[in-house]
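One structure is given below, encoded as structure tokens.
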Amino acid sequence: MISHSRRHCVVELQALPSRIGQIRRIVSAQLRHWQLDPLIDRAALGVTELLSNVHRHAQPDKTCTVEIELRLGRLTVSVIDSDPRLPVLREAAADALETCGRGLALVAAVSEAWGARHQDDGPGKVVWFSLRAAPAPAAPQRPVRIGSKPVREPAPAAIVAVDPGGVPAGLSVAASVGARPG
């Protein structure tokens, strides 16, 4: 189910690898619609990491909700799932060759703030991150200078009178005065 309001979008899904790409596209399209193109890459990366964590860790099922909201110049992306265990940010000193376990570190790196809390109305948790949503820079308001060049009048047309009787047979009047036949 997808529901939209002017500055709020909610998507319910199963956090399966095949669905994560679809959610990235939905988040990207919604941010384009809100004219927040500069935030697309960071928001898509953050939501990918949070959904990957749901897929990897959430128990008993992978059902979750992605919510994006723009309020007071701040974009908040939340992932809500039914697993009550809160995520833990791994220390930066972890083995540099590890291939997993860095999702929250990436979320922390691309966002201004992030956090996790238990759901208020039931089991499960909410993991979220936020980004400052600065409006796109407007075009500078400068006066437009209009140069004043004199307007050239077209050259007056030359009118030539030709006596059609004096033109040899087979030759048109236009050809006899140097004009191209039309």
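Throughout, read-outs are computed from the coordinates displayed, never taken from laboratory work. Everything numeric in this text was worked out from a predicted model, so none of it was measured. Reconstructed Cβ throughout: ideal geometry from the backbone, glycine too, with neighbour counts over all protein chains shown.
Sequence-ordered 3J(HN,Hα) estimates for the range 118-133 from the Karplus curve with 6.51, -1.76 and 1.60 and θ = phi - 60° stand at 6, 5, 6, 10, x, x, x, 9, 10, 10, 9, 8, 9, 10, 6, 10 Hz, glycine and proline given as x. The modelled label-to-label distance for the pair Arg7/Gln22, using points 7 Å beyond Cα in the direction of Cβ, is 2.9 nm. Length gained on full extension, Ala105 to His118: 2.7 nm, using 0.36 nm per residue less the C-alpha separation.
Between the amide H of Ala133 and those of Arg74, Leu75, distances stay under 5 Å, these residues lying 5 or more places away or on another chain, with hydrogens modeled in the peptide plane.
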